[in-house]
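The values are calculated or read from the model by the stated rules, or taken from the named source; none is laboratory data. Here the structure is a predicted model, which means the values were calculated and not measured. Because the Cβ atoms are built from the backbone with ideal geometry, glycine has one as well, and the counts that use them run over all protein chains shown.
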Amino acid sequence: MTAHFILYVADQAASARFWTAVLDRAPRLDAPGMTEFELGEGAVLGLMPLAGIRRLLGDALPAAEAGPDATVADAPRAELYLVREDADACHARALAAGARELSPMRARDWGHEVAYALDADGHVLACARAR
């Protein structure tokens, strides 16, 4: 299993500079919409602009109710993105445990099939598999 810890950020470039300094390493990916740092075997830190998750999940996110001028403070702050062979079962377990579905399993343009859910604390859980 690989776990992606994705933080929603107001300024991707500033956050990338901060985490580059903190981790003392360059990102493994730095593209518009996502910066990723290898944390160790099976763990990745991702930085995604708040606008990116809003574009992806839209009105399903609680912060969408805050309107177009909402800030990072108005939105869920983190996403746990789990890449697993049993992504469907992972999502089903999350829903059975009380999570609210944000998006069912579907193919995404980055090469994964992903389903999204929201836990009781407002954290986004993504259960994914490579296509």
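Just to verify a result, which residue in the range 39-53, among those that are of a type in the set (A, V, I, L, M, F, W, C) and part of a strand (DSSP E or B), is surrounded by the most Cβ atoms within 10 Å (Cβ to Cβ)? Explain how you work it out, then say what you get.
Within the range 39-53, the first condition is being of a type in the set (A, V, I, L, M, F, W, C), and the residues that meet it are 39, 43-45, 47-48, 50-51, 53.
From what is left, the residues that are part of a strand (DSSP E or B) are 39, 43-45, 47-48.
Working: 39: 14, 43: 13, 44: 18, 45: 19, 47: 26, 48: 21.
Per the criteria, the residue is 47.
Does the range 81-106 hold any residues that are over 12 Å from the mean Cα position of the chain (by Cα) and within 19 Å of residue 48 (Cα to Cα), and which are they?
Here is the first cut: in the range 81-106, the ones over 12 Å from the mean Cα position of the chain (by Cα) are 84-106.
Once the filter is applied, which keeps residues that are over 12 Å from the mean Cα position of the chain (by Cα) and within 19 Å of residue 48 (Cα to Cα), the range 81-106 yields 102, 103.
Only one residue in 56, 61, 82, 23 is more than 17 Å from residue 128 (Cβ to Cβ), surrounded by 14 or more Cβ atoms within 10 Å (Cβ to Cβ) and modelled with pLDDT under 95. Which one? Spell out the reasoning first.
Details: 56 fails: more than 17 Å from residue 128 (Cβ to Cβ); 82 fails: more than 17 Å from residue 128 (Cβ to Cβ); 23 fails: surrounded by 14 or more Cβ atoms within 10 Å (Cβ to Cβ).
Matching residue, one of 56, 61, 82, 23: 61.
Check residue 76 against each of (1) under 15 Å from the mean Cα position of the chain (by Cα); (2) modelled with pLDDT under 65; (3) in a helix (DSSP H, G or I) and name the one condition it does not meet.
All conditions are met except number (3).
So, in the range 98-109, exactly how many residues are surrounded by 11 or more Cβ atoms within 10 Å (Cβ to Cβ), out of contact with any Asp or Glu (no Cβ under 6 Å at 6 or more places or on another chain) and either part of a loop (DSSP other than H, G, I, E, B) or touching a residue at least 60 places away in the same chain (Cβ under 8 Å) (or both)? Give the derivation first.
Here is the first cut: in the range 98-109, the ones surrounded by 11 or more Cβ atoms within 10 Å (Cβ to Cβ) are 99-105, 108.
Among the residues that remain, those that are also out of contact with any Asp or Glu (no Cβ under 6 Å at 6 or more places or on another chain) are: 100-104, 108.
Still in the running and either part of a loop (DSSP other than H, G, I, E, B) or touching a residue at least 60 places away in the same chain (Cβ under 8 Å) (or both): 108.
Counting residues in the range 98-109 that are surrounded by 11 or more Cβ atoms within 10 Å (Cβ to Cβ), out of contact with any Asp or Glu (no Cβ under 6 Å at 6 or more places or on another chain) and either part of a loop (DSSP other than H, G, I, E, B) or touching a residue at least 60 places away in the same chain (Cβ under 8 Å) (or both) gives 1.
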